[in-house]
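The values are calculated or read from the model by the stated rules, or taken from the named source; none is laboratory data. On a predicted model such as this, the values are computed, not experimentally measured, just so you know. Using ideal geometry, Cβ is built from the backbone for each residue, glycine included, and neighbour counts are taken over all protein chains shown. Surface areas here come from the heavy atoms of the whole protein model, side chains and all, with no ligands, DNA or RNA. Shrake-Rupley method; radii C 1.70, N 1.55, O 1.52, S 1.80 Å.
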Amino acid sequence: MATPADPLSRRRSLGLLLGGAPALLLGGCALNGVGEAVGTVTQPLNERIEALLQGKGKLPEFRPSQVDPAALLINSFNGTPEIDPGGYRLAVAGLVSRPQRLDLTALAALPQHQCVIRHVCVEGWSAVVAWSGPRLADVLALAGLSPLAGYVFIESADQYYESWDLASALHPQTLLATHMNGAPLPAANGAPVRLATPIKLGYKLSKWVTGLKLMATLGDRRGYWEDQGYEWFAGL
Amino acid sequence: MPASTKRPMAPIRYAPLWTRAFHSFNLLVILLMAASGLQIYNANPVFGGRGGATVPELFTLGGWLAGGRDWHFGVMGLYAANLGVWIGLLIRQRHQRLAAMGDLGTLRASSNTPKRRLAVHRLVYTLMLIVLGFSLITGLAMYKPAQFWWLVAPFSFAEAAGHDSWQVLRVCHLATIPAIALLLGAHVVLSWRVGGLRLWRSMAV
Ligand code: HEM
């Protein structure tokens, strides 16, 4: 357009533009703190939608040829704990009628299942892994769930802790894995027992699991990463 | 802006308030999504993984991974709703807007330049919507890869060449940032050529 704009307005506008840029940068840093508030407002809604999206049935799996062992990175907040397989016991307690202390033989005696699924880390990487072991649902059934139970609190030998909604815990592809890619679970990946499922982000999949506690409500300790600001449901 | 072309010094005719608000809101939402996305990128760079180069903190939002995800998944609903409204409006107003702008082109010049400019600008708008829609699709596929496995499936086309569908998705999702930046640049330049500062100010809130 050939219109000469009002010079004063133009100068003023340019000044505003130049002044606006640093303000935006400063604002960006200040906004970092607001993110938590944004999360507090939107996460409950997102989590509800995630739970609604999640079906009870099996999801499609990958072909064993798609397994990529090199893609699976190791994460741990506190190193690798030493666990003696002979002395290992999995405690199932809380709102159950028959509390259990299961050794590895008892877990191996349950029906064994394999899931070839994508393990997705919150950091952004993923890996196709073949997990096998008993279903978490079968282990919980041994203990006899109370109708009041709504959540499972999961304790690990390295002091990592997690909590799950019962529906996700009872999903047919949620395993207490004792094997990975056809071999016994390596110590760095959670030996002797870890959680595996296609429906949760990696930080929900506790390694070195030693205790399952059924609860009616979520406590103050919702999970090691969740308590620092990560989403609790973390569905995939 | 037909009226302001005839009378050069006429006061600026501002676009309706809701149009200006919607325009600014669009820009804000895209900036928030891009900056928080780049924060997520930094937790594990798409290129190079754990050893990869990270984006300067200046372009990120959230401070750390959980903060970036708070923003990204907090604003995604607004982003999707905005995109829906935007596409709906364009489809509804397309004919009317083209007619008015076409008149302007005929009035202004004997050559066909404005008409061509308009055509380019329309192309830019359309591409923008496609890119933003693509961003939404690839984002959803990575947000719920297990539940929306059918959304992930089309991205396994490069598996035979050794490229996992997840990495293809990450690259595609990230690529929408340079794409939208280019289109935004073109949009800014074109609107400057069409209406200069006066047109810019008419859209400012
Ligand atoms: C509804 C819309 C969107 C959804 C659901 C979505 C979802 C996601 C998800 C799940 C991730 C994490 C990916 C990973 O773990 O690697 C991500 C990353 C990212 N997003 Fe989005 N996103 C959306 C829109 C956008 C838009 C509009 C932009 C930019 C204009 C954007 C830019 C990014 C970037 C740069 C990353 C980091 C790339 C990576 O690390 O893989 N996203 N997004």
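Just to check I understand the Karplus step: with θ = phi - 60° and J = 6.51 cos²θ - 1.76 cosθ + 1.60, what whole-Hz values come out for region A:131-147, glycine and proline as x?
Listing the rounded values in order: 9, 9, x, x, 5, 4, 4, 5, 5, 5, 5, 3, 8, x, 6, 6, x Hz.
Pop the C-beta distance of A:Ala91 and B:Leu58 into the FRET formula with R0 = 45 Å and round what comes out to the nearest 0.05.
According to the calculation, E is roughly 0.35.
Loop-only chymotrypsin sites (Phe, Trp or Tyr not before Pro) in region A:56-90, please: DSSP not H, G, I, E or B, and at most 12 other Cβ atoms within 10 Å.
Values: sites: A:Phe62, A:Phe77, A:Tyr88; in loops: A:Phe62, A:Phe77, A:Tyr88.
Counting only loop positions with at most 12 other Cβ atoms within 10 Å, the chymotrypsin sites (Phe, Trp or Tyr not before Pro) in region A:56-90 are A:Phe77.
What trypsin sites (Lys or Arg not before Pro) in region B:11-85 are in a loop by DSSP, with at most 12 other Cβ atoms within 10 Å of the Cβ?
B:Arg13
To test your reading of the geometry: what angle, between 0 and 90 degrees and rounded to tens, separates the Cα axis of helix A:7-53 from the longest principal axis of chain A?
20 degrees
Under the 0.36 nm per residue contour assumption, what length would be gained going from the current alpha-carbon distance of B:Thr113 and B:Ala21 to full extension?
In short, 30.1 nm is gained.
If each residue of separation counts as 0.36 nm, what is the full-extension length gain between B:Leu190 and B:Leu78 once their alpha-carbon separation is subtracted?
Working: separation 112, 0.36 × 112 = 40.32 nm, distance 2.71 nm.
Additional length available on full extension: 37.6 nm.
With labels modelled as points extended 7 Å from the Cα through the Cβ direction, what inter-label distance (nm, one decimal) is found for A:Ala183 paired with A:Ala37?
Modelled inter-label distance: 5.2 nm.
Relative contact order, percent, of chain A when contacts are C-alpha pairs under 8 Å separated by at least 6 residues? It would help to have the intermediate numbers written out before the result.
Working: 406 pairs, mean separation 51.3, N = 236.
Relative contact order for chain A comes out at 22 percent.
With a 1.4 Å probe and all protein chains left in place, how much of the accessible area of region B:17-203 comes from carbon and sulfur atoms, in whole percent? Before the final figure, lay out the partial values.
Working: 6790 of 9630 Å².
Roughly 71 percent, rounded to a whole number.
Once you have a ≥ b ≥ c as the square roots of the Cα gyration tensor eigenvalues for region A:59-228, tell me rounded if a/c is under 1.5, and otherwise prolate or oblate according to whether a/b is larger than b/c. List each step's numbers first, then the result.
Details: a/c = 1.42, a/b = 1.30, b/c = 1.09.
Taking the square roots of the gyration eigenvalues as a ≥ b ≥ c, region A:59-228 is rounded.
Give the aspartates and glutamates reachable from A:Lys58 as a straight Cα distance under 20 Å; neighbours fewer than 8 places away on the same chain don't count.
Cross-link targets: A:Glu50, A:Asp138, A:Asp165.
With solvent modelled as a 1.4 Å probe, how much accessible area in total do chains A and B shield from it at their shared surface, in Å² to the nearest 100?
That pair of chains buries around 3700 Å² in total.
Evaluate E = 1/(1 + (r/R0)^6) for B:Phe47 and B:Phe148, where r is the Cβ-Cβ distance and R0 equals 35 Å; express this FRET efficiency to the nearest 0.05.
0.90
Note down the nm distance, to one decimal, between modelled labels 7 Å out along Cα→Cβ at A:Leu52 and at A:Leu218.
Result: 1.8 nm between the two label points.
Tell me which residues come under 5 Å, amide H to amide H, from A:Tyr161 once H is placed; ignore anything under 5 positions away on its chain.
Those lying under 5 Å, H to H, from A:Tyr161 are A:Tyr224.
For a quick check of understanding: with a 1.4 angstrom probe and all protein chains in place, what accessible area in square angstrom does B:Met76 have, to the nearest ten?
50 Å²
Loop-only chymotrypsin sites (Phe, Trp or Tyr not before Pro) in region B:125-183, please: DSSP not H, G, I, E or B, and at most 14 other Cβ atoms within 10 Å.
Of the chymotrypsin sites (Phe, Trp or Tyr not before Pro), the ones in loops of region B:125-183 whose Cβ has at most 14 other Cβ atoms within 10 Å are B:Phe157.
At a Förster distance of 41 Å, what's the computed FRET efficiency of A:Ile74 paired with B:Leu182, Cβ-Cβ distance as r, to 0.05?
0.60
Show that you can apply the helix-only estimate: for the protein assembly as shown, add -39,500 (n - 2.57) for every DSSP H stretch of four or more residues, divide by all residues, and state [θ] at 222 nm to the nearest 500. Mind showing how you got there, number by number?
On the way: 10 runs with 215 residues, N = 441.
Result for the protein assembly as shown: -17000 deg cm²/dmol, rounded to the nearest 500.
Using a 1.4 Å probe and ignoring any ligands, DNA or RNA, find the accessible area of A:Glu36 and quote it in Å² to the nearest 10.
So the heavy atoms of A:Glu36 present about 130 Å² to solvent.
Compute the distance in nm between two label points, each set 7 Å from the Cα along the Cα-to-Cβ direction, one at B:Leu89 and one at B:Val171.
Result for the modelled spin labels: 3.6 nm.
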